[in-house]
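Notes follow once the structure below has been shown.
The values are calculated or read from the model by the stated rules, or taken from the named source; none is laboratory data. All values derive from a computational prediction rather than experimental measurement. As a convention, Cβ positions derive from the backbone with ideal geometry for all residues, glycine included, and neighbour counts pool all protein chains shown.
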Amino acid sequence: MSDEFAGFVKKAREILEGDSGLEDIEDYRELLCADCAFYHHGEEENEECGCFLLLKALLERNAFDLEKALRELE
Ligand code: SF4
């Protein structure tokens, strides 16, 4: 596995194994922003880029297969 998406992989695994949910904005931040070079935890928490909004919207609609994405990245 590449470390490029280590934050996404860690959070996705936790969600799929039932150790974490995908309920509040912090869960989405951990999943989608952890590997982003622009992310600084605790700063600019209200900033949401287009990629974040798109992936969040797809996840909320069950239109993003988290399990398949994790398989591809592991
Ligand atoms: S909202 Fe977008 S730009 Fe900001 S940290 Fe998350 S992925 Fe990066």
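Per-structure values
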{"quantity": "Boolean, Leu31 is surrounded by 17 or more Cβ atoms within 10 Å (Cβ to Cβ) and either at negative phi or basic (Lys, Arg) (or both)", "calculated": "yes"}
{"quantity": "Filter pass, Phe64 being among the aromatic types (Phe, Trp, Tyr), out of contact with any strand residue (DSSP E or B) (no Cβ under 7 Å at 6 or more places or on another chain) and surrounded by fewer than 16 Cβ atoms within 10 Å (Cβ to Cβ)", "calculated": "yes"}
{"quantity": "Glu47 being modelled with pLDDT under 95, more than 12 Å from the ligand (Cβ to nearest atom) and either under 14 Å from the mean Cα position of the chain (by Cα) or assigned to a loop (DSSP other than H, G, I, E, B) (or both)", "calculated": "no"}
{"quantity": "Residue in the range 2-13 that is under 15 Å from Leu73 (Cβ atoms), without any contact (Cβ under 8 Å) to a residue 24 or more places away in the chain and surrounded by 13 or more Cβ atoms within 10 Å (Cβ to Cβ) present", "calculated": "yes"}
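Matching residues to (1) of a type in the set (Lys, Arg); (2) at pLDDT 95 or above:
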residue: Met1; (1), (2): no, no
residue: Glu4; (1), (2): no, no
residue: Val9; (1), (2): no, yes
residue: Asp19; (1), (2): no, yes
residue: Asp24; (1), (2): no, no
residue: Ala34; (1), (2): no, no
residue: His41; (1), (2): no, no
residue: Lys56; (1), (2): yes, yes
residue: Lys68; (1), (2): yes, yes
